[in-house]
Structures are given as structure tokens and as C-alpha cells.
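Undergrad: To start, I am sharing the structure in question, which I have written as C-alpha cells.
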Amino acid sequence: MIRVNLKLTLFLLCIIVLCMTLYLWMKCGEAVYARKSHSVDWNNKKPSNSVPGLGAGDLLDHGTDIQGFEEIDCSINGEYTVSCRKEGGEVYVPFSFLNKYYEVFGKLATYDGYERFEWSHSYSKIYKPKGKYDPKGVFMYFENYNVEVRERVKCVSAVEGVPVSTQWQPQGYFYPTQIAQFGLAHYSKNMTEPEPHQVVVEDGDKERGSWRVPKDAELNYIKNGTGNYIVCFKSQENIVDGVTIQLDHVMDLVLSLNFKLEGNGSFTVTLQNREKHEWFYLHYISSDLLISAQDQHTYHGIGHQSEWRLLTRDLIIDLQKGLAYQKKPKRKLFRSKIKVVALTFHGTGCVDNITLSSSQHIAQFYDAARWLVNHQDSNTGGWPNAVRRRLSSGMLDLEPGWYSAMGQGHAISVLARAYHHSGGDPQYLQAAVAGLKPFRVSSQNGGVLAMFLDQLSWYEEYPTQPSSFVLNGFIYSLLGLYDLQTVAPSDTAAEAADLFKRGMRSLKTLLPLFDTGFGSVYDLRHFTLGTAPNLARWDYHATHVNQLLLLATIDSDTLLAETADRWAGYMMGKHAAHN
């Protein structure tokens, strides 16, 4: 009996010890949680259950973990509290806080199996010129630009061959500055990239495709006026039936063809995503429609005309814009995974020189140049912006039809290169010279010329009232003037040279006003409106540096290079000296 009671007593003691151990363990966990829960999320200024910067190590008494770090609160200017770490006399602040508070950037990177933290003060890049700027060559660093992939580009018009912007109007409109950048980017890519790979699918003569012709359709090879064969067809106008050329091409996804259609003729490109076994259909229809899409079908209007025309389309861009139109989740389409399966023609028409290429940069450049020639105001020489623009409170809105010095300068840069590349086609030179007119007209009277303190000429990107004096747009306009004065014959270059000279004098005089000692300002609204400075984002600041470095290759004044170097230092965390 005694032995039984003894065993029972020992069993009860074990239960009691176990319960006490569990109780103490739970209380310790609550204490640790209590220390964590008092920290404040600096961004939202409310209690947070997480402690930025701490690892998953167990905390010891008084908030000290097994590595000897102590958790403490950091009071930031008396406004809010951040959880930090203390080791001896050193305090460690979470980088997530520094990132937001000081606008610095960092990431963990692994090299050769070793992890390190990379810190940078700017997210933008400086492009140092490789030599003196050549108005016949690459424009700045625009070979890195991909204008058409920008989210604010609704599509590339299949009628005009140039991007349609949604930057200030969601319905879409033609923005001359963006169109000129599209042209300059493709011109620059043409000079820096290898020769494109190209496959001729059908030319009527040497290369003839494998066509499938329905019973109620016709397809014939007919000699044109030059003695070459072209393909003429007749089929149903609906997008289901038609004469089809079978294809099997990967990577070469830029389509080029000469064609003419009658009535409501159209054609369809069938694409396949080989990775996910998806099928997509790009329909190019006789319509003024910019773009429409539903499910796997995207529609681009090619206008109404019965004359021959050349069409160049980047099929991946057209597909991406169709998916974006439907507001589907953003996805990356790899060119290597997309295959062109078929090309089907509907209705009545003829086609020639069907080609698939890895790129067609020079054709896209000339699409931009022709748009600028065709859409220039013949009286003013300007390329009007069709949307209302509000730059800042306190400045009058720019009503539709306003001109931009940056747009004028970019357009002149495109046209100067088109004049050179085409071997002297006069239409491009004439349009470029006419584009100088707004530089002589005050911004109050519909031009782009502002006067700083009634003494210095400034070409306004946004001709606001009062003046805004935007820096990057002004410098872009100077580059356009320099391009024209260099490329044009001497008898037509004088006006551009005079405008450039006046602008450079203004830039050198006013450049110090854009310097904050730790960055640059976007414009001078703090001078004209008496407001706080409008600090330039790092990408705009980097553009300022790149522009000054480029100008320094054509102007020997040391102010340009010295300012560029100092401003580049700001991107590395350097500040002007204190007093």
C-alpha cells in the first residue's frame, strides 16, 4: 500500500513540475512578444508586431539576443519611434527606415557564393560620352530607350506607325515629344545593334510561300508594272476565312509587308506561346480604330485606303498592348517563346515582300520622321500638343494646341538625321527649318520663348504663365538647334546657330540657380512662384548630368564639365561644404 502511494505521489509531482515548466515558458514568450509589440512602424506611425532589422534569433533577458545585440527604441526627431539594435556603443538602424527617410537604395547581392549588401544614393545611371557629340550619329544614350513598351503608351498606331500616348489623357493622343523620342531611339539602335536577322517569307519571285486557299477563294501571282510578281487574293471579308500562308518562325517577330486592300479587307497574324501552348490572334483591320482586344484577339486599325503602303509591326508589342488593353495582370512575354504560325488575308487585295525580322529600326525611325513632316502646322512651324496640361498650382493651364521647346528640339533632331540619312531629302530639311519659328515667338503669344528678367532667352518645355524654366527640356531643345546648325547647308544653318548661341549663354548664366548643394531642381518655379524648390527626381537629375556631359564635348567652357562632375557626386552621396 505504501509503495502504491509513493508511486502516485511521484507521478503527481512530475505532473506539477511539467505544468509549471509550460506556464513559465508561455510567460517568457509573452514577455518577448510584449517587447516586440511596443515598437512603432515609422512609416504608418502605429504599433507593429514586427521589429525591422532583427533576425529570428531568440531574445534573452532585457531584449538581448544570443549574439549580444540589445533591442532599443530610436526616437526620430521626436516624431516617431523605430526599433533598432545596440551593440556596445554602436546603434544599428534598419535600412528599411533609412531607405524611406533619406531616399537611399540598397539590396542584398550574392557573388561567388558570398552575400553582401549594396548601397547606393541614386537609382539612375550616368552615361559618359565616348567622344564628341555627332548630330549624324547616336542621340545621347537613346539606344537604351524603349519608348513603345512604356505603360503610358497605349499602342503603336497601325495607321501612322508611331506611339499613342495616355500620359495626360487616357483615351490616347499623339504626343510629338514622345513620337520624336521613338524615332531617335530606333535611329540610335540601328547604329549600335548588330545587323538584324531577316527572313523573306514571300516576294512573288525568288521566295514563294506555302499558301492554303479555301474552295471559295482565289490566289494568283500577277506581274506588276516593274515586271515583278505580286500575290493577289480574293476571299471572304470575315476574319475566320481567308487565304493563309503557313509559317514557323521564332525570334523574328517584326513583320514588314507591302500591301493594298479593297473595301473591308484585313489580315490576321497567328502567334503561339510555345511555353504555355497559348494561341493569340492579331487582326489588322480596315478601320481608324487605335486598338481593341478581347480574350486572345487584338485588333489594330490600319485605316481606309486602296493604295499600296508599307507596314512595319513589332508583333510582341502589338500583343502586349492588347493584353494591357484588357487590364489583365502584367506578364512578360519572352520573344524566344513566341512563334509566328500563320498569316491570313481576308477580302480582296494584293501583297508583296512579306518579311519577318529581328528588328526594323530604320523603318520605324522613318515612320516617326514622316509623321513629323505630315503633322507640322504649316503656318507656325510647330507640332501642337492636343491635350490640356497643368504644370503647377499658381500657373495657368496650357490649353490644347500648345507648343513645347523640348518637342520642337526633339523633332528637329529627328528631321536633321532623316535629312542626312536619306541623302538630302528636302522635305526633312524644310520641316526642320520651319520648326525654328516658335523659338522666336514669346510664350505669351503661343511660342516657346521666355525671357529671364527680360534679359536671357529661355526655350520653354512648358510655356506657362508665369514661366517655369524647366532645365532638361531646355537642354534638349539646344541639342535640336545644334543638330540642325551642323547638318543643314550653311545658308540655312545660320538661324539655328544664332538660337543655339543665345540659349547656351542663358544656360551658363542660370545653371547655378538649379544647384541645391545636394541635387538639382527640375525648374525655377521657386523663383517665379515663390514656392518651395521642385527637386528633380534622381532620373531627372541623372538626365541633367548626362546632358551637361554631352554639351561639354561641343563647348569648351569648363563650367559645363565641372557642374556635371559635381552633380554626379551628389548621386554618390556627396554634398556641398557647410559654412
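Undergrad: Among the residues of segment 348-358, are any in a helix (DSSP H, G or I), buried (at least 19 other Cβ atoms within 10 Å of the Cβ) and small (Gly, Ala, Ser)?
TA: No, segment 348-358 contains no residue that is in a helix (DSSP H, G or I), buried (at least 19 other Cβ atoms within 10 Å of the Cβ) and small (Gly, Ala, Ser).
Undergrad: Can you work out which of the residues in segment 102-147 that are surrounded by 15 or more Cβ atoms within 10 Å (Cβ to Cβ) and in contact with an Asp or Glu (Cβ under 7 Å, 6 or more places away or on another chain) is nearest to residue 541 (Cα to Cα)?
TA: The extreme case among them is 124.
Undergrad: Here's something else I'd like to know. Among the residues of segment 464-478, write down those that are closer than 19 Å to residue 434 by Cα and under 22 Å from the mean Cα position of the chain (by Cα).
TA: 474, 476, 477
Undergrad: Also, quick follow-up: Is it true that residue 258 is part of a strand (DSSP E or B), among the polar types (S, T, N, Q), within 20 Å of residue 357 (Cβ to Cβ) and at pLDDT 95 or above?
TA: yes
Undergrad: Moving on to the next point. Got at least one residue in segment 142-152 being assigned to a loop (DSSP other than H, G, I, E, B), more than 13 Å from the chain's Cα centre (by Cα) and not assigned by TED's automatic domain parsing to the domain that holds residue 260?
TA: Scanning segment 142-152 turns up no residue that is assigned to a loop (DSSP other than H, G, I, E, B), more than 13 Å from the chain's Cα centre (by Cα) and not assigned by TED's automatic domain parsing to the domain that holds residue 260.
Undergrad: Further question: Picking from 209, 227, 204, which residue would you name as being surrounded by 15 or more Cβ atoms within 10 Å (Cβ to Cβ), small (Gly, Ala, Ser) and at positive phi?
TA: None of the others qualify; the one that does is 204.
Undergrad: Output the number of residues of segment 237-253 satisfying the condition of being exposed (fewer than 14 other Cβ atoms within 10 Å of the Cβ), in contact (Cβ under 8 Å) with a residue 12 or more places away in the chain and assigned to a loop (DSSP other than H, G, I, E, B).
TA: 1
Undergrad: Look at segment 553-567 and say how many of its residues are touching a residue at least 24 places away in the same chain (Cβ under 8 Å) and in contact with a helix residue (DSSP H, G or I) (Cβ under 7 Å, 6 or more places away or on another chain).
TA: The total comes to 7.
Undergrad: Still on this structure, please answer the following. Counting only residues that are over 21 Å from the mean Cα position of the chain (by Cα) and either within 17 Å of residue 432 (Cβ to Cβ) or of a type in the set (A, V, I, L, M) (or both), how many does segment 387-410 have?
TA: Going through segment 387-410 one residue at a time, the tally reaches 4.
Undergrad: Moving on. Just need a number here: residues in segment 479-500 that are closer than 15 Å to residue 458 by Cα and under 31 Å from the mean Cα position of the chain (by Cα).
TA: 6
The values are calculated or read from the model by the stated rules, or taken from the named source; none is laboratory data. Values in this document were obtained by computation on a predicted structure and should not be read as measured data. Cβ: placed from backbone, ideal geometry, glycine included. Neighbour counts: every protein chain shown.
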